[in-house]
Amino acid sequence: MHPFYHYNLEDFLTDDDFRVWVKNGQPRNDFFWAKLRSEFPEKALLMDQAAELILTWEKHPSDLTHEELDHEVNRILNESVRTIPARKTGIVQLRWWYAAAAVLILVGLGWLISGNNAFQKSDYTYKRYVSASPVPLKEISNSGKKPMKVSLPDGSEIQLMPNAAVSYSAAFVQNHKREVYLSGEAFFEVRKDKANPFFVYANDLVTRVVGTSFTIKSSSERVEVIVRTGKVAVMQAKDLAGNELGVPGIDMPGIDMPGTVMLLTPNQQVVFTAERPVLERSITENPVAIAHTVAKPDFTFDNQPVAEVFRLMQETYGIPILYDSVRLGNCSLSVALRDEPFFDKLGIICSTIEASYQVTDGQVVITGQGCE
């Protein structure tokens with residue numbers, strides 16, 4: 001477990017999991033951070049102030065003037081002084097951290113809005129992909145208010161969400177590839193065909209599958225790939241070599257995908273944003289059980305070793321669960337779980353054995369002192 005007992009403001013500001021929790025409000029971490037606050041109540045104020053600074057930092061620079069930023073930072077500093085007990089040295093130290101955070105914000109926003117370093121518009125857009133295609137494409141768009149079912153020539157199906165569009169070749173298999181260009185959000189159920197992999201181009205991300213189901217949400221600022229079943233390979237379009245499409249750094253890839261490839265399994269996702277142009281793997285907000293041919297898993301435990309509990313959770317949801325088998329090996333569980341969401345189940349299990357969990361790189365890491 002991280003040494004949270006000596007976390008300062010800078011540590012919270014640079015903790016990836018804490019920042020994700022603050023920015024996205026993802027309920028999966030509510031239990032973890034609530035438990036942290038209860039174990040280290042003296043850190044509650046720091047957590048609140050760090051959260052407020054992160055949200056201020058995340059505000060789009062075009063909507064936040066320097067005067068507004070100064071006002072917000074000064075307000076946070078003043079409120080922190082009023083709410084902290086009047087111990088001079090403590091106030092000075094905390095104000096130093098808040099001032100440092102304010103400098104980080106000002107420097108970060110200054111970099112964002114400077115002419116030479118501002119984020120560039122992506123070259124990998126739906127229109128660019130379509131216009132550069134070497135073969136004629138058929139386009140289907142959903143201008144309605146309900147999802148639209150699209151049947152592809154190979155038997156694969158797409159649930160096209162409102163205001164979304166897809167384009168593909170009528171002669172669907174080209175050079176041992178099945179290719180779809182996406183704008184907006186869609187859920188794919190891909191017919192398995194190992195000889196002809198299925199590619200989806202959605203702005204800066206290219207997704208490759210053989211046969212699986214997944215969701216892609218794309219906009220000019222953000223692309224998400226969320227896996228329901230099977231395995232999915234995701235990579236950045238810029239990592240593809242060549243220039244056959246007329247887009248810098250991209251061609252029509254073959255079966256092998258060069259560059260950095262991230263593999264996703266059920267209930268994992270990757271998020272790519274213009275502000276942070278790297279692939280970040282995580283767990284979906286609401287993991288669902290993987291379809292099984294056997295009976296529905298029974299989560300009623302009667303003095304079951306925790307190793308069996310974690311094994312059942314991992315097999316049911318397909319999410320890797322890591323823990324210290326030596327330290328937690330003597331823990332057992334007696335509890336009846338039913339239809340609770342994955343993270344609710346996980347929170348109950350951890351609370352029962354006095355452990356905690358963190359989500360990192362699409363995995364769950366369990367930490368605890370063990371059981372007597």
Nearest-10 value in Å² for the accessible area of Thr300, using the 1.4 Å probe: 80
query: Mind listing the phi-derived Karplus ³J(HN,Hα) values for the stretch 181-186, rounded to whole Hz, using 6.51, -1.76 and 1.60 with θ = phi - 60°, and x for any glycine or proline?
result: 10, 10, 10, x, 10, 7
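For the stretch 269-372, what is the accessible area per residue in Å² when the probe is 1.4 Å?
Details: 5410 Å² over 104 residues.
Accessible surface, normalised per residue, equals 52 Å².
In this model, which of Lys127/Lys149; Lys194/Lys296; Lys192/Lys231 are farther than 19 Å apart at the alpha-carbon?
Values: Lys127/Lys149 22 Å; Lys194/Lys296 30 Å; Lys192/Lys231 12 Å.
Violating the 19 Å limit, Cα to Cα: Lys127/Lys149; Lys194/Lys296.
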Label-point gap, in nm, between Thr260 and Ser220 - each point 7 angstrom along Cα→Cβ: 2.6
task: Could you give me the radius of gyration and the Dmax of the stretch 283-347, taking only the C-alpha atoms into account and expressing both in angstrom?
output: 11.9, 34
- prompt: In debye to the nearest 20, how big a dipole does the stretch 125-226 give about its Cα centre with +1 on each Lys and Arg Cβ and -1 on each Asp and Glu Cβ?
  reply: 80
- request: List, in order, the whole-Hz ³J(HN,Hα) value for each residue of the stretch 188-201 obtained from phi through the Karplus relation with A = 6.51, B = -1.76, C = 1.60 and θ = phi - 60°; use x for Gly and Pro.
  value: 10, 10, 9, 5, 5, 7, 4, 6, 9, x, 9, 10, 10, 9
Probe 1.4 Å, all protein chains present, accessible-area order of Met235, Met262, largest first: Met262, Met235
message: Sort 351-357, 183-189 by the packing proxy (mean of other Cβ within 10 Å over each peptide's residues), most packed first.
response: 183-189, 351-357
Label-to-label distance, nm, for residues given as Ser131 and Asn303 (7 Å Cα→Cβ offset): 7.2
- prompt: Between Val335 and Thr14, what is the FRET efficiency for a Förster distance of 35 Å, r being their Cβ-Cβ separation, to the nearest 0.05?
  reply: 0.45
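The values are calculated or read from the model by the stated rules, or taken from the named source; none is laboratory data. A quick note: this is a predicted structure, and the numbers were derived from the prediction, not measured. All Cβ positions, even for glycine, are placed from backbone atoms using ideal geometry, and neighbour counts span all protein chains on display. Protein only, heavy atoms only, side chains kept; ligands, DNA and RNA dropped before computing areas. Shrake-Rupley method; radii C 1.70, N 1.55, O 1.52, S 1.80 Å.
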